[in-house]
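Participant: Got a structure here, written out as structure tokens. Questions coming.
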Amino acid sequence: MSNQSARSTIQALKDHPRARVLIVGGGINGVGTFRDLALQGVEVALVERGDFCQGASGASSHMIHGGIRYLENGEFRLVHESVVERNRLLRIAPHYVKPLQTTIPVFSTFSGLLNAPLRFITHRSGKPQERGALLVKVGLSLYDAFSRRGGTVPRHRFLGRKRSLAELPALRADVKYTATYFDASVHDPERLTLDALRDGLEAGSHARAANYVSLVGTDDGGARFRDELTGEEFTFEADVVVNMTGAWVDNTNGALGSPSRFMGGTKGSHIVLDHPGLLAATAGREIFFEHSDGRIVLIYPMGDRVLVGTTDVDAGEDLEPVCTDAEIQYFFDLIHHVFPTVAVARKDIVYTFSGVRPLPRHDETAPGFVSRDYRIERSVVPGTDRPVLSVVGGKWTTFRALSEHVANEVLGLLGRGRAVITADLPIGGGRGYPVDEAGVQAWITGRTGPGAERQRVRTLLARYGTRAEDVLAYLAQGEDAPLRSTAGLSVRELAWMAEHEHVAHVADVLIRRTNLAFRGLVTSEVAHEVASQLAPHLGWDAHQAQHEAQAALSLLAERHRLDTANAGVLL
């Protein structure tokens, strides 16, 4: 693979400042559309003002799901598309998308039957009223029906109180039923985004993508970019512009000289806990339930950590939010709501994160009832006839279908037909990925040897899918050693990331190329060692390496409330 360092990809745009299609926004939807168009042979360029998957795409609930709660909004098209895409991603991205057993604890039988039609008609929650067993049963039966096409997941099952407490003994003693069904999760959304990006880049030199490039205005009908690594500005021309900047869509249109008011995003926060008791209480499954305020919330295990979320409040003008003390207390309350004997404290939190969902402006509609569906708005670059397509809405689960939809619109504008169908095309390291644990063991055994001990190969397979083959070959070409500060990374793997994965800053590695930050494993020592190892590959002197390490630590403290000195949330 050619060099894909952050600096080299920016330089490639400066050297040839034109493409048929320009995509602005490097979240999962922008990257998915880039992949699709690149596979069609379209000359396409993508820019992202920060790192890929840095915004809402990297602040999700890590779920790939049909959205059972959207049924009461009447969003049957979205639910159908979502379950079809969920089933599809389990097949084409099995290295990152895994089945997720989900249990809903139910504390009444008939509650909510009268309130549900009101929610359906008005999209207002009114006075919170718990969804009882009958309502949940109807919803799950509908969900099963939507899931039939291409589905491999079992149908839902209901258990009474006695069997529910036998399976989940830490549940509230007054639980009447539990309903269990399957959805899916994506443990490494940032890496799946990078994998899709690489698919597009490997389609050929007609596809280029760069992070740390901002759209700051227009210049004679062209887009004016700023290189965020050097401050240099340059002009780039395209026949079609696709605005996929999520919650920033209106700001991006403003920079293009055509202000809009499409967006009304909502803030969603999460916390990650290192809590063996809570981990055991979940019994390996997501606990998905209605909190006392009527908000649907979740608790589920991710490896040896537990993810708890999420809030859903109007974001206003704050497009870079932080998890607040009030939200942390809300999460503690919801844990106590279903697991009253499990005590949690701030010291158990190892990471927090927040994002703004790219939802449409919704006026009086309650945030929880705002559609997660997507639409395409059309305009032109002022003073030209060059089309601008602005994508409003969208969610992780449907990124492939959304990308296909947007790509078809672009192909129509270019007068081209579709050459490649992506519906059943494996994503990156999902190609040839083992179908079961026996296959995983065989894959690992076949690649274990001097300098590649078994656990290391397993770690790389989990991080890269079958593209770990490329990484292993790279590691074997020189001397390698694990970092002193963490066994999860090695010297040459950092070199691989610097040369092939668009790394520009230490935080890119700690937050989005690995799960070190998510698991609360970043210390000052880790940040400084990563910086020193990246330095020769990114052209940093000792002073800049020190600055980059400190910048990463400051970012983790300010945006994620991570105290790297004490491995806990800041007070």
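Participant: Which peptide among 215-227, 18-30, 539-551 comes first, and what is the full order, when sorted by highest mean count of other Cβ atoms within 10 Å?
Facilitator: Working: 215-227: 17.8, 18-30: 26.2, 539-551: 14.9.
Taking the mean over residues of other Cβ atoms within 10 Å, the ranking is 18-30, 215-227, 539-551.
Participant: Between residue 232 and residue 202, 0.36 nm times their residue separation minus their Cα-Cα distance comes to what?
Facilitator: Details: separation 30, 0.36 × 30 = 10.80 nm, distance 2.76 nm.
Full extension of this stretch gives 8.0 nm more.
Participant: Tell me the carbon and sulfur percent of the accessible area for the chain, rounded to whole percent, probe radius 1.4 Å.
Facilitator: Details: 11650 of 21890 Å².
Here it works out to 53 percent.
Participant: Another question, if that's okay. With every atom except the alpha carbons ignored, what do you get for Rg and Dmax of segment 137-234, in angstroms?
Facilitator: For segment 137-234, the Cα-based Rg and Dmax read 24.9, 71 Å.
Participant: Rounded to the nearest 0.05, what FRET efficiency is calculated for residue 525 and residue 165 with R0 set to 41 Å and r the Cβ-Cβ distance? Walk me through the numbers before you get to the answer.
Facilitator: Values: r = 45 Å, r/R0 = 1.09.
Computed FRET efficiency for residue 525 and residue 165: 0.40.
Participant: Here are some pairs, 176/347; 267/347; 14/98; 14/267; which of them have Cα atoms lying more than 30 Å apart in this structure?
Facilitator: On the way: 176/347 33 Å; 267/347 24 Å; 14/98 40 Å; 14/267 35 Å.
Exceeds cut-off: 176/347; 14/98; 14/267.
Participant: Note down the magnitude of the dipole of the chain about its Cα centre, charges +1 on Lys and Arg C-beta and -1 on Asp and Glu C-beta and zero elsewhere, to the nearest 20 debye. Before the final figure, lay out the partial values.
Facilitator: On the way: 62 positive and 67 negative charges, 445 e Å.
That gives a dipole near 2140 debye.
Participant: Counting only helical runs of four or more DSSP H residues, what would the 222 nm mean residue ellipticity of the chain come to if each run contributes -39,500 (n - 2.57) and the total is spread over all its residues?
Facilitator: On the way: 17 runs with 197 residues, N = 571.
It comes out at -10500 deg cm²/dmol, rounded to the nearest 500.
Participant: OK, next. Give me the number: length gained by fully extending residue 173 to residue 479, i.e. 0.36 nm times residue separation minus the C-alpha to C-alpha distance, one decimal in nm. Write down the numbers at each step before the final one.
Facilitator: Details: separation 306, 0.36 × 306 = 110.16 nm, distance 5.72 nm.
Roughly 104.4 nm would be gained on extension.
Participant: Related question: Could you calculate the contour length gain from residue 313 to residue 385, that is, 0.36 nm times the residue separation minus the distance between their Cα atoms, to one decimal place in nm?
Facilitator: Details: separation 72, 0.36 × 72 = 25.92 nm, distance 3.80 nm.
Full-extension gain reported as 22.1 nm.
Participant: Could you state the accessible area per residue of the chain in Å², with a 1.4 Å probe and every protein chain left in place?
Facilitator: Details: 21890 Å² over 571 residues.
Roughly 38 Å² per residue, with all protein chains present.
Participant: Specify the inter-centroid distance of segment 192-253 and segment 404-466, based on alpha-carbon positions, in whole Å.
Facilitator: 25
The values are calculated or read from the model by the stated rules, or taken from the named source; none is laboratory data. All values reported here derive from a predicted model rather than from experimental measurement. Backbone-built Cβ (ideal geometry, glycine too); neighbour counts: all protein chains shown. Protein only, heavy atoms only, side chains kept; ligands, DNA and RNA dropped before computing areas. Shrake-Rupley method; radii C 1.70, N 1.55, O 1.52, S 1.80 Å.
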